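Asks: Here it is, the structure in full.
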Amino acid sequence: MASLPTPAADSRARVDALREALATRVVVADGAMGTMLQAQDPTLDDFQQLEGCNEILNITRPDIVRSVHEAYYAVGVDCVETNTFGANHAALGEYDIPERVFELSESGARVAREVADEFTASTGQQRWVLGSIGPGTKLPTLGHAPYTTLRDAYQRNAEGLIAGGADALLVETTQDLLQTKASIIGARRALEATGANLPVICSVTVETTGTMLLGSEIGAALTALEPLGIDMIGLNCATGPAEMSEHLRYLSRHSRIPISAMPNAGLPVLTKDGAHYPLSAEELADAQETFVREYGLSLVGGCCGTTPEHLRQVVERVRGTRPTVREPRPEPGAASLYQTVPFRQDTAYMAIGERT
C-alpha cells in the first residue's frame with residue numbers, strides 16, 4: 001500500500017508550485033489586513049491588555065484573523081500574508097514581549113496555512129502563504145537598535161513562520177537599507193537552520209519624496225539587496241501606484257530578478273473620520289494591469305486601504321496573464337546608503353564608510 005505524503009513533502013511540493021507560478025504567470029496576493037482586523041472591534045481582553053498588538057489575535061482570536069484570510073481567498077487571490085507584520089523585536093519590545101517573536105510568528109503562519117489548505121481543497125486552486133516580516137520601529141542606521149540584535153530577532157521571526165507553514169518569506173515595507181539587510185540575513189539564517197528552501201521576497205518602501213525614509217533611492221536599494229540572493233524585489237506601502245511607476249520602471253530595466261508591487265489605494269486623504277484612501281478598485285486594477293504589461297511584474301497585490309473588492313478586480317484583470325518578458329541591463333555599481341554609482345564613474349560624489 002502506498003504511503004501518504006509527509007508534511008515536509010507536501011511543503012516542498014507547494015513551494016515548488018509557487019516558484020513555478022511566479023516564473024510563468026502573474027501571482028496575486030492579498031490587500032490590507034490591519035484595518036479589517038480593527039473593523040471587527042477586538043476587545044482589550046482579546047489583545048491581552050496590549051491594545052493594538054494585532055499579532056496577539058493569532059492566539060486569542062484566530063477566528064478574526066481567519067475571517068480576513070477567507071475574505072481574500074474568496075475573491076480568488078493566490079496567496080495571503082500572515083498576520084505577523086509586527087512580530088519582531090522592535091515592535092513587540094514596545095509591548096515588553098520581545099520573547100514572543102517565535103510564538104506569534106508561528107501562530108500567524110499556522111492560521112493562514114489552515115485557511116489556505118481549506119481553500120486549496122475546496123476549490124482545486126493551489127493557495128499559498130507569504131510569511132510577513134515587517135520592519136519594526138527601530139532604524140539601525142540611526143542607532144536605534146544594534147544590527148545584530150535585530151538580525152537575530154528576524155531569524156526567530158522567520159523560524160516561526162517556517163514552523164507555521166509559510167511558503168515564502170516576505171521582507172516588506174523596509175525603510176532603512178541596514179534594517180533590510182538584517183531582515184534578509186536573518187531570514188537566510190533561519191532557512192539554513194531549519195533546512196527549508198523557501199523563496200525570499202523583499203519589498204522596499206519609497207516615499208513621496210522619491211526615496212526610502214533615510215534617503216536611499218531605488219538604484220541603491222537594488223544594488224545593495226540583489227547580491228544578497230533574494231528571489232524577488234519590489235515596492236509596497238507609502239504611496240499609490242502612480243507614485244511607484246518610475247521606480248518600477250527602473251527595476252524593470254535593471255533588476256535581474258522578478259519584480260512585485262503592492263501599492264496603497266492611493267495617497268491618504270485626512271477626513272473628520274480619519275484617513276481615507278481614494279483609489280477605487282477599478283483604478284487599482286487598471287494600474288496593476290499596466291504594470292504587468294509594461295514592467296513585467298510577477299507578483300501583485302495591495303497594501304493600505306485596499307480591500308477584497310480591490311483584489312477581486314485585480315484577479316479578474318490579470319488572471320492567467322504571463323508577465324511581459326523583460327530584458328534587464330544591469331549596471332555594475334557601488335551602492336552607498338543613498339545612491340548607486342556606476343563603477344565607470346569619473347567625478348560623481350559617493351559617500352564612503354556607511355554601514356551598509
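The values are calculated or read from the model by the stated rules, or taken from the named source; none is laboratory data. Predicted model, so just to flag it, every value in this text is computed and none were measured. Cβ: placed from backbone, ideal geometry, glycine included. Neighbour counts: every protein chain shown. Surface accessibility is based on the protein's heavy atoms, side chains included, excluding ligands, DNA and RNA. Shrake-Rupley method; radii C 1.70, N 1.55, O 1.52, S 1.80 Å.
Asks: Quick one: if you stick a label point 7 Å off each Cα along the C-beta vector at residue 322 and residue 309, how many nm between them?
Replies: Going from the residue 322 label point to the residue 309 one covers 3.5 nm.
Asks: Also, quick follow-up: Hey, can you list the DSSP H helices of the chain whose Cα span along the axis is 27 Å or longer and whose average Kyte-Doolittle score is at least -1.0?
Replies: On the way: long enough: 101-123 (33 Å, -0.07).
Qualifying helices, which must be both long enough and hydrophobic enough, are 101-123.
Asks: Averaged per residue, what accessible surface does segment 145-187 expose to a 1.4 Å probe, in Å²? Present the calculation step by step, with values, prior to reporting the outcome.
Replies: Details: 860 Å² over 43 residues.
Spelled out: the 1.4 Å probe surface of segment 145-187, per residue, equals 20 Å².
Asks: Only bridges whose two residues both fall in the chain count here: according to DSSP, what percent of them are antiparallel, nearest 5?
Replies: On the way: 6 of 29 bridges.
In the chain, DSSP labels about 20 percent of beta bridges as antiparallel.
Asks: Let me ask something else about it. Return an integer: the convex hull volume of the alpha-carbon atoms of the chain, in Å³ per residue. Numbers along the way, then the final one.
Replies: Details: hull volume 51.2 nm³, N = 356.
Per-residue hull volume (Cα only) is 144 Å³.
Asks: Out of segment 175-253, which GluC sites (Glu not before Pro) are coil in DSSP terms and have no more than 15 other C-beta atoms within 10 Å? Each step should come with its number before you reach the end.
Replies: Values: sites: 192, 207, 217, 243, 246; in loops: 207, 217.
When the GluC sites (Glu not before Pro) of segment 175-253 are filtered for loop state and at most 15 Cβ neighbours within 10 Å, 207 remain.
Asks: Could you work out the percent of alpha carbon pairs in segment 5-62 separated by over 17 Å, rounded to a whole number? Could you put the intermediate results ahead of the total?
Replies: Values: 968 of 1653 pairs.
Summing the P(r) tail past 17 Å for segment 5-62 gives 59 percent.
Asks: If you wrap a convex hull around the C-alpha atoms of segment 154-220 and split its volume per residue, what is the figure in Å³?
Replies: Numbers: hull volume 5.3 nm³, N = 67.
Measuring per residue, one finds 79 Å³ for the Cα hull of segment 154-220.
Asks: Moving to a separate point now. So what does residue 159 come to for accessible area, using a 1.4 Å probe and Å² rounded to 10?
Replies: Residue 159 exposes around 40 Å² with every protein chain in place.
Asks: Once you keep just the Cα pairs under 8 angstrom separated by 6 or more residues, what percentage relative contact order results for the chain?
Replies: Details: 750 pairs, mean separation 60.7, N = 356.
Value for the chain: 17 percent.
Asks: What are the trypsin sites (Lys or Arg not before Pro) within segment 192-273 that DSSP puts in a loop, where the Cβ has at most 15 other Cβ atoms within 10 Å?
Replies: Passing both the DSSP loop test and the Cβ count: 256, 272.
Asks: Roughly to the nearest percent, how much of the accessible area of segment 1-156 is carbon and sulfur, given a 1.4 Å probe?
Replies: Numbers: 3640 of 6660 Å².
It is 55 percent, rounded to a whole number.
Asks: Okay, moving on. Pick out, from 40, 130, 60, the residue whose Cα sits farthest towards the positive end of the charge dipole of segment 1-136, with +1 on the Cβ of Lys and Arg and -1 on the Cβ of Asp and Glu.
Replies: 130
Asks: Could you tell me what percent of the accessible area of segment 289-328 is made up of carbon and sulfur, with a 1.4 Å probe and every protein chain present?
Replies: On the way: 870 of 1840 Å².
Answer for segment 289-328: carbon and sulfur cover 47 percent of the accessible area.
Asks: Continuing with this model, one more query. What longest range of the chain stays clear of loop-exposed chymotrypsin sites (Phe, Trp or Tyr not before Pro) (DSSP non-H/G/I/E/B, at most 14 other C-beta within 10 angstrom)? Working shown, then result.
Replies: Values: sites that count: 343, 349.
Counting only loop sites that pass the neighbour cut-off, the longest clear stretch is 1-342.
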